[in-house]
2 protein chains.
Amino acid sequence: MKEQVPGFSPGLAILQVGNRDDSNLYISVKLKAAEEVGIKVKHIKLPYMATESEVLECMTSLNEDLTVHGFIEQLPLNSENPFNTEALVNAIAPEKDVDGLSSINAGKLAKGDLNDCFIPCTPKGCLELIKETGVKIARRHAVVVGDSKIVGALMHDLLLWNHTTVTTCHSRTANLNEEVNKGDILVVAVGQPEMVKGDWIKPGAIVIDCGINYVPDNTKASVRRVVGDVLYNEAKESFIIPIPGGAGPMTVAMLMESHRERKAFPGEM
Amino acid sequence: MKEQVPGFSPGLAILQVGNRDDSNLYISVKLKAAEEVGIKVKHIKLPYMATESEVLECMTSLNEDLTVHGFIEQLPLNSENPFNTEALVNAIAPEKDVDGLSSINAGKLAKGDLNDCFIPCTPKGCLELIKETGVKIARRHAVVVGDSKIVGALMHDLLLWNHTTVTTCHSRTANLNEEVNKGDILVVAVGQPEMVKGDWIKPGAIVIDCGINYVPDNTKASVRRVVGDVLYNEAKESFIIPIPGGAGPMTVAMLMESHRERKAFPGEM
C-alpha cells in the first residue's frame, strides 16, 4: 500500500439501507479493516422504509461533506420502496466513488483510462491475487465466467488492458466446460454453487473463485455452509484461492487501498 | 428507422479541428446523409492552430445551444497544440453525445444499461450488419480482434449484452489464428492491412471488417488503394462485408439513426 500523507487521514462513509444480515457482516468487516489502517469511517444506516429521495438527500450531504473523501453504498440497497439502484450509484460524486461502480468510472475502465479511475474493488482484488502468483499474464488466455455488472464485465476490461486475451462466458454459454478449459487464468463470478468442475479446468491454470453461495449442511449449527462457484475439492490441485477466504477479503483490502490513495481536498491541509 | 415527431427536425453539429483529408471526406459523407434524412446539420471547423481552451469554449456553446440536439467531434482532432482528446470527448453533454464516445456512455454500455445510452456508432453498425444476416447470435461464440477504445472494447460489451460468448483479442494475442478460428462471428478492427487470412476463419462465420488501411497500388491514379484488416479475396466465401463498403457507411447510418431518435428539449415544441 502507498504511504499516507503525514497528518492526513482520509474519511470514508458507508451508506446502508435496511438491515440485511449479509450487508451487516460485510460492513462490520470493512469497519474493522478501516480502523486497522487508520481510515476514519462513518457508518450511516437508513431504515428499510427509506425512500429514494431520502437516500439521495443523504448522498448529497455526503458529496458535499469535506470530511468525507470517499463513500460507498453497500449493495443491495434494501428498502420496501422501489429504488433505481443504478441512478443512486451514479449520484455518487465521481471523485468520491472509491468502489468505482458509477457509470463514469466503468466507462473509464472500459476505455482503458486506468490512471484516471477508481478500479472496482472486486476485479482489482482478483487481479492482485492473479499477480501474486508471479505468473506473467500478458498474452495469456483468460476466461471470465459471469457477466454481472459489478464483477464479470469489468474483469474483462481490466484483464484486457493488462494485455491478456479474454473470453467472457455466462451461465448460458454453449459448451461452457470447453470454454473454461481454454483459460490459463480463470475468474468465476457466476453465482452458481460449485458449477465449475475440476476436469473443466486447464492443468496449471490460476483459478479465482468469486462465488459466495449458501448450501444446506446439517452438520453445521446454521444448517448451511458457504461454497464457491468452483467445486473446490476437485480443483484444489490448481492454483486456486478457496472460498470462503480469497476474493472477499481482497475486495475489502482493495477498498482500503483505493481509499488510502485519496488525496486531501484543496485547502484542507 | 424510427418515425420522426412531425414538425420537429433535430439539429446536429459536427466539430472539426484542423483540415485532415480523411476527416474532410468522412464529414462530407455525414453532411450528405444528414441532408437526405432531414437532419439540420452545422459544420464547425476550427483551425489547426486552435488551442484546447478554444475548442472547449466552442463545445460549451454547443452544449448550451438549444438548436443543437446532438454533436460529434470528428476524431482525430488535428492541432499543432497538445490536446487531451479524452477530456474533450468527455466535455460533450451526455444527452448530446450521439457518437456515444464519452466515458459516461461507455460506462453505461459496459454495465449493460443499453436503454439509457447512445451506443457508439461503429459497434452499433457492426451489430446491425451481423443481425442483417438473420443468424441468431445468442449463445454463439464471437471473436473481436482489436482492443481500440472506440471499437474493439465496446464491441465486446455490445455482443456480451446480446448474449454471445465473446473473446477479445489484440495484435499481441498468442496464436491469433487459432483464436480467430473459434469465432462463429468475427469482428476485426485492428488496423493492420489484410492481417486476417482466409484459412484462419471458421467455415460459415460471419465476418465484419472495420479496417480502413491504405496500401501502395501503382495501378491507381492515387498510387494507393483501401484494404481492410481481412484478406478479402481469401475470405470472400465467408459471410463477409467488403472494405471499402460495409462498416464505414453503416457507421454513418447509425449516427443518423441515433440522432433522429433525439427528442425535442422540454418546452421546444
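Taken together, the values in this text are just the output of simple stated rules run on the coordinates, not laboratory data. These numbers come from a predicted model, not from an experiment. All Cβ positions, glycine included, derive from the backbone under ideal geometry; neighbour counts span all protein chains shown.
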Q: Find how much the distance from A:Lys131 to A:Lys42 grows on full extension, using 0.36 nm per residue of separation minus their present alpha carbon separation; answer in nm with one decimal.
A: 28.8 nm
Q.
Let me test this: with uniform point scatterers at the alpha carbons of region B:23-65, what is the Debye-based log₁₀ I(q)/I(0) at q = 0.20, 0.21, 0.32 1/Å?
A. -0.78, -0.83, -1.03
**Q.** Three principal axis lengths of region B:121-249 [C-alpha, angstrom, descending]
**A.** 46, 31, 29
Q: Along Cα-to-Cβ, 7 Å out, sits the label point; list in nm, shortest first, how far the one on B:Ile44 is from those in the other copies.
A: 3.8
Q.
Counting only other residues whose beta carbon sits under 10 Å from that of A:Thr51, what net charge do I get with K and R as +1, D and E as -1?
A. -4
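Determine the calculated [θ] at 222 nm for the protein assembly as shown from helices alone, applying -39500 (n - 2.57) to every DSSP H run no shorter than 4 residues and normalising by the residue count; nearest 500 deg cm²/dmol. Write down the numbers at each step before the final one.
On the way: 18 runs with 176 residues, N = 538.
After summing the helix terms and dividing by the residues of the protein assembly as shown, the value is -9500 deg cm²/dmol.
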Q | Cβ-defined net charge surrounding B:Gly198, 14 Å radius [Lys, Arg +1; Asp, Glu -1] | A | -3
Q. Any idea how far the Cα center of region B:53-70 sits from the one of region A:190-237, in Å?
A. 54 Å
Q) Hey, what do the phi angles of region B:62-67 turn into as Karplus ³J(HN,Hα) couplings, whole Hz, using 6.51/-1.76/1.60 and θ = phi - 60°, x for Gly and Pro? A) 5, 4, 8, 6, 6, 8
Q: Before anything else, pin down the relative contact order of region B:121-249: Cα pairs under 8 Å, at least 6 apart, normalised by residue count, whole percent.
A: 22 percent
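What trypsin sites (Lys or Arg not before Pro) does region B:188-255 have in DSSP loop regions with at most 11 other beta carbons within 10 Å? If you can, show how the numbers build up before the last one.
Values: sites: B:Lys197, B:Lys220, B:Arg224, B:Arg225, B:Lys236; in loops: B:Lys197, B:Lys220, B:Lys236.
Filter output for region B:188-255: B:Lys220.
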Q. When you look at the Cβ of every residue in B:147-159, what mean number of other chain Cβ atoms sits within 10 Å?
A. 3
**Q.** Net +/- balance of residues flanking A:Asp65 in space, Cβ distance below 10 Å, scoring K and R +1, D and E -1
**A.** +1
Q) Relative to the Cα centre, what is the charge dipole magnitude of the protein assembly as shown, using +1 at the beta carbon of each Lys and Arg, -1 at the beta carbon of each Asp and Glu, and rounding to the nearest 20 debye? A) 880 debye
Q. Quick one: which of B:180-193, A:140-153, B:79-92 comes out on top by average Cβ neighbours within 10 Å, and what's the full order, highest first?
A. A:140-153, B:180-193, B:79-92
Q. If you plug each phi of region B:112-118 into the Karplus form 6.51 cos²θ - 1.76 cosθ + 1.60 with θ = phi - 60°, what whole-Hz ³J(HN,Hα) values come out, in order, with x for Gly and Pro?
A. x, 7, 5, 7, 10, 9, 7
Q | Most mobile of A:Asp217, A:Asp116, A:Asp97 in a GNM of chain A (Cα contacts under 10 Å) | A | A:Asp217
Q) Rule-of-thumb check for region B:45-173: C-alpha Rg over 2.2 N^0.38 Å? A) 1.20
Q: Mind grabbing the base-10 log of I(q)/I(0) for the protein assembly as shown at q = 0.06 Å⁻¹? Debye formula, identical points on the C-alpha positions, no solvent, two decimal places.
A: -0.32
Q) Just for the protein assembly as shown, what percent of DSSP beta bridges are antiparallel, to the closest 5? A) 15 percent
Q: Taking a label point 7 Å out from Cα toward Cβ, give me the nm distances from A:Thr133 to the same spot in the other copies, shortest first, one decimal.
A: 3.3
Q: Quote the charge dipole size of chain A about the Cα centre in Debye, to the nearest 20; the model charges only the Cβ of Lys and Arg (+1) and of Asp and Glu (-1).
A: 580 debye
Q.
Please report the projected area of chain B's Cα convex hull averaged over all directions, in nm².
A. 15.4 nm²
Q. What does the average come to when, for each residue of peptide B:133-140, you count the partner chain Cβ atoms lying within 10 Å of its Cβ?
A. 1
Q: For region A:121-249, give the magnitude of the charge dipole about the Cα centre (Cβ charges: +1 Lys/Arg, -1 Asp/Glu; no others), in debye to the nearest 20.
A: 180 debye
Q) In chain A, with Lys and Arg counted as +1 and Asp and Glu as -1 at Cβ, which of these residues, A:Leu159, A:Thr122, A:Ile240, has the Cα nearest the positive end of the dipole, that is, farthest along it? A) A:Ile240
Q | Cut-off under 5 Å, modelled amide H: who pairs with A:Val41 long-range | A | A:Leu12
Q: Using just the alpha carbons, could you tell me how many Å³ per residue the convex hull of region A:11-93 encloses?
A: 76 Å³
Q) Across peptide B:90-103, what mean number of C-beta atoms from other chains lies inside 10 Å of a residue's C-beta? A) 2
